[in-house]
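Engineer: My questions all concern the structure below.
The values are calculated or read from the model by the stated rules, or taken from the named source; none is laboratory data. Just so we're clear, the structure is a prediction, and the values are computed from it rather than from any experiment. FYI the Cβ positions are ideal-geometry reconstructions off the backbone, even for glycines, and counts take in every protein chain you see.
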Amino acid sequence: MRQGRLATSLFIHAFLVAMLVIAVFPVFFVLQAAVRPGQSLYTLTLSLWPDHPTLDNFHYILTQIPFPTWLGNSLIVCTATMFAGLVGSATGAYALSRFRFAGKRMTLILLLAIQSFPTVLALIPIYIILRLVHLVGTPLGLILAYVSVALVFAAWNLKGYFDTIPHEIDEAALMDGCTPTQAFLRVTLPLAVPALAVTALLMFITGWNEWVMAQTLLSDENTYTVPVGLWGLQNDYRIPWGYFASAALIVSVPIMTLFLLLQRYFRSGLTVGGVKG
Amino acid sequence: MNRVPARTILAYFAPMLVGITLISLFPIVYNVYVSLTNRSLFHFRHFQFIGLANYATLFSSLNGDFFIVLFKSFLFVGICIPLFLLFGMLTALAVNHPLTRWKAFWRVSLIVPWAVPSYITAFIWKFFFNEQFGTLNQLVRVVFGPKAGLPWLSDPTWAFGSIVIANTWMSYPFFMVVFLGALQSIPLELLEAAAIDGANAWQRFWRVTLPLLRPAILPAAVLSAILTFQVLNTGYLITQGGPFTSALKPGATEFVMIYAFRQAFQLFRFGYIAAFAVVMFALLFAVTMFSLRFTRLVEEEAR
C-alpha cells in the first residue's frame with residue numbers, strides 16, 4: 001500500500017513538472033531572447049541560454065525606436081477608456097440592479113446582444129464611420145472604439161457586483177430618509193469600490209492587450225499603441241527578435257502579475273470573456 | 001424599491017443609454033445598412049443600394065467561402081475544446097490530488113499561459129513554428145539529425161494543428177481553474193462512501209467525480225467554444241490565415257473572424273463582409289441565448 005502511494009505521488013509530480021515546463025518555457029524563451037545579443041537567435045541548433053547575456057536589446061528599444069512613445073500612447077488610450085467606461089456605466093448598472101421598470105429585460109438582452117457582437121465584425125462599421133468623420137488614425141478614434149466595447153462590459157460586470165450587495169442595505173438608507181441618489185452615492189458605491197477597481201483594471205488590461213482594432217485604426221508610427229508597435233518588431237527577420245522579446249517583457253510582466261493577482265476575482269464567465277480578446 | 005420616480009430612473013440610465021446607443025448600438029445598425037450596399041474601397045462614398053445581393057453571394061454555393069470557413073471553424077472548435085478539457089482536467093486532478101505537495105505553487109505557475117497577452121502568445125509560437133530557427137524544429141534536429149524538420153506552418157494540415165497547439169497552450173488554464181473550483185465543491189464524504197461500498201479509484205472518478213463536475217464544466221465549455229470559434233490573434237498573427245493553396249479559396253487556417261478581417265481590411269469588400277457579419281452575429285447570438293437559457297442566467301438576471 002505504501003509503495004503504491006509512493007508510485008502514485010511520483011507519477012503525479014512527474015506529470016506536474018512536465019506541464020510546468022510546457023507552461024513556463026515560452027515565457028523563459030522570451031526572457032533568454034531578450035538578453036541574447038544581435039542575431040544569435042537565428043540559428044539552426046538548439047541553444048537555451050546565450051553565451052554572453054547583455055541588456056543591449058533593452059537599451060536599443062528604449063533609445064533608438066519610438067517604444068517609449070508607444071508605451072505613453074497605450075497608457076493614455078487605456079486610461080481614457082477605463083474612466084469613460086466606468087463613469088458611463090456605473091449609474092446605469094445600479095439602475096439595472098436595483099430599480100424596477102418596464103423594458104428592463106429588453107435592456108439586459110440588448111446588452112447581451114451587443115456584448116456577443118464580435119470585435120472584428122463591429123470593427124467594420126466602426127472603421128467606416130470613423131473614416132467618414134475623419135477620426136481614423138487618431139487616438140480619439142481608437143478610444144471611441146474601445147469605449148464602445150468597455151461600456152457594455154462594465155455595465156454587465158458592475159450590475160453583477162451590485163446584485164451581490166444586499167438590497168436591504170440601501171433600502172434601510174431609504175427608510176432613514178435618504179433619497180435614492182444619496183443611497184447610491186453614500187451607501188452602495190463605497191461598498192462597491194473593490195468591484196469598481198477590478199472592473200476598471202480589467203478594462204485597462206483589455207485595452208493594453210488589444211491588437212486588431214489598434215492595427216486597423218492607427219497608421220502613423222507615433223500614434224501606435226504597444227501591440228501595433230510590437231507587431232512590426234517581430235515581423236521582419238532582418239531585425240533581431242531580441243528587440244521584440246525585451247519590449248514584450250517590459251509591457252507584459254507588470255500586466256501578467258496584475259492578472260495573476262486578480263484572477264481569483266473573476267466571478268463569472270462573462271468577466272473572463274471580456275478579458276481575453 | 002418601487003418608490004423611485006421614473007425621472008430618477010431615466011437620469012440614472014441617461015449616460016449609459018446615450019453612450020451605448022451612439023457608439024455601440026449605432027455601428028451595429030449601420031452595419032446592417034452597409035450589408036445592403038456594394039460599398040468597397042472604390043465605392044466608399046459613392047456606393048449603391050443592392051438589396052440582398054451580398055447575402056445571395058454568401059449562400060450561393062455550398063462550396064463557397066462562407067461554408068468553407070464556417071466548416072473550418074466548427075472543425076477547429078470540435079478539436080480544440082476536447083483538448084482544452086482534457087488538459088484542464090488532468091492538471092486540475094493532479095493539483096487537487098491529496099498526495100500533491102506545494103499546491104499553491106502549481107496552481108499559480110500552471111495558469112501562467114492564461115496571463116500572457118494573446119498577441120504575444122501568437123508571436124512566441126510563430127517563432128517556435130519557424131521551420132529554420134524555430135525551437136520546435138531545433139528540437140526535432142536534436143533527435144532526428146540535422147536534415148530533419150517538420151512543416152509546421154507551410155503544410156495546410158500541420159498549420160491547422162499548429163494553431164490548435166498554440167490555442168491549447170493558451171486556453172487549458174481557464175479550464176484548470178474551473179475544474180479546480182468544481183472539484184473543491186465535491187463533498188469528500190461522497191467519495192469516502194463510494195470507497196467503503198467497494199468502488200476503486202477509477203470507478204469513483206467515472207461514477208462520482210465526473211457526473212458532479214458536469215454542471216460546472218458545461219457552461220464554461222460553451223463559453224470557450226463561442227470564443228474559440230472567434231479565434232483571431234492566435235490564428236491570424238501566426239499564419240495570416242494561410243497557407244493558401246489557391247488565390248480564390250480561403251487558406252487552411254482561415255477561420256471565420258480571420259476571413260472577415262482579411263476580406264474587410266485587405267480586400268476592402270465592406271458591403272459583402274457586413275452581410276457576413278450579420279449572419280455570423282445571428283448565429284452567435286442564437287447560440288449565446290440558447291446556452292444562457294440552458295443555464296437559466298437570464299431568468300435570474302431579470303427577476
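Engineer: Is one or more of the residues making up the range A:28-39 within 13 Å of chain B (Cβ to nearest Cβ), without any contact (Cβ under 8 Å) to a residue 60 or more places away in the chain and exposed (fewer than 14 other Cβ atoms within 10 Å of the Cβ)?
Structural biologist: The answer is yes; a qualifying residue exists.
Matching residues to (1) surrounded by fewer than 20 Cβ atoms within 10 Å (Cβ to Cβ); (2) at pLDDT below 90:
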residue: B:LYS126; (1), (2): no, no
residue: B:PHE133; (1), (2): yes, yes
residue: B:PHE144; (1), (2): yes, yes
residue: B:ASP155; (1), (2): yes, no
residue: B:ASN167; (1), (2): no, no
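Engineer: On to the next question. Within the range A:216-234, track down each residue that is more than 20 Å from A:HIS59 (Cα to Cα) and either acidic (Asp, Glu) or surrounded by fewer than 21 Cβ atoms within 10 Å (Cβ to Cβ) (or both).
Structural biologist: A:SER219, A:ASP220, A:THR223
Engineer: Still on this model: Give all pairs with beta carbons closer than 8 Å in which a residue from the range A:55-72 that is on the phi < 0 side of the Ramachandran plot meets a residue that is among the basic types (Lys, Arg); count only pairs at least 6 apart in sequence or on separate chains.
Structural biologist: A:ASN57/A:ARG36
Engineer: Checking A:SER97 against (1) part of a helix (DSSP H, G or I); (2) on the phi > 0 side of the Ramachandran plot, only one condition comes out false. Which one?
Structural biologist: Just one mismatch for A:SER97, condition (2).
Engineer: How many of the residues making up the range A:104-114 are in contact (Cβ under 8 Å) with a residue 12 or more places away in the chain and surrounded by fewer than 19 Cβ atoms within 10 Å (Cβ to Cβ)?
Structural biologist: So the count comes out to 1.
Engineer: Return the only residue of B:THR21, B:THR8 being β-branched (Val, Ile, Thr) and closer than 21 Å to B:ALA282 by Cα.
Structural biologist: B:THR21
Matching residues to (1) within 25 Å of the chain's Cα centre (by Cα); (2) part of a helix (DSSP H, G or I); (3) within 21 Å of B:LYS126 (Cβ to Cβ):
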site	(1), (2), (3)
B:PHE179	yes, yes, no
B:THR209	no, yes, no
B:SER224	yes, yes, no
B:THR228	yes, yes, yes
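Engineer: Select from the range A:204-232 the residues that are over 26 Å from A:LEU262 (Cα atoms) and facing another protein chain (nearest Cβ under 9 Å) and list them in ascending order.
Structural biologist: Correct list: A:GLN215, A:THR216, A:TRP231.
Engineer: Find the residue count for the range B:169-181, including only residues that are without any contact (Cβ under 8 Å) to a residue 60 or more places away in the chain and buried (at least 18 other Cβ atoms within 10 Å of the Cβ).
Structural biologist: Count: 1.
Engineer: Please verify whether the range A:205-213 includes one or more residues that are more than 27 Å from B:VAL177 (Cα to Cα) and surrounded by 14 or more Cβ atoms within 10 Å (Cβ to Cβ).
Structural biologist: yes
Engineer: Okay, next question. Return the pair list, or none, for Cβ contacts closer than 6 Å from residues in the range B:259-282 that are facing chain A (nearest Cβ under 10 Å) to residues that are part of a helix (DSSP H, G or I) and among the hydroxyl-bearing types (Ser, Thr, Tyr), at least 6 apart or on different chains.
Structural biologist: Once the first residue is facing chain A (nearest Cβ under 10 Å) and sits in the range B:259-282, its partners that are part of a helix (DSSP H, G or I) and among the hydroxyl-bearing types (Ser, Thr, Tyr) give B:PHE265/A:THR216.
Engineer: Related question: Test of understanding: among B:LEU93, B:LEU25, B:LEU86, which residue is part of a helix (DSSP H, G or I), more than 30 Å from A:ILE109 (Cβ to Cβ) and within 10 Å of chain A (Cβ to nearest Cβ)?
Structural biologist: Result: B:LEU93 is the single residue among B:LEU93, B:LEU25, B:LEU86 that is part of a helix (DSSP H, G or I), more than 30 Å from A:ILE109 (Cβ to Cβ) and within 10 Å of chain A (Cβ to nearest Cβ).
Engineer: Something else about it: Please state which one of B:ILE111, B:ILE68, B:ILE120 is within 23 Å of the chain's Cα centre (by Cα) and free of Cβ contacts under 8 Å to residues at least 24 places away in the same chain.
Structural biologist: B:ILE120
Engineer: Would you pick out the residues in the range A:40-86 that are within 13 Å of another protein chain (Cβ to nearest Cβ), surrounded by 17 or more Cβ atoms within 10 Å (Cβ to Cβ) and under 29 Å from B:GLY145 (Cβ atoms)?
Structural biologist: The answer is A:LEU41, and nothing else.
Engineer: Just checking, does the range B:32-43 include any residue being crowded, with 17+ Cβ neighbours inside 10 Å, at the interface with chain A (Cβ under 9 Å from one of its Cβ atoms) and modelled with pLDDT of 90 or more?
Structural biologist: yes
Engineer: Taking the conditions exactly as written (among the acidic types (Asp, Glu) and either in a helix (DSSP H, G or I) or within 26 Å of the chain's Cα centre (by Cα) (or both)), does B:GLU192 satisfy them or not?
Structural biologist: Yes; evaluated as a whole, the condition is true for this residue.
Engineer: In the range B:96-140, which residues are among the polar types (S, T, N, Q), more than 7 Å from chain A (Cβ to nearest Cβ) and over 15 Å from B:MET176 (Cα atoms)?
Structural biologist: B:THR121, B:ASN130, B:ASN137, listed by residue number.
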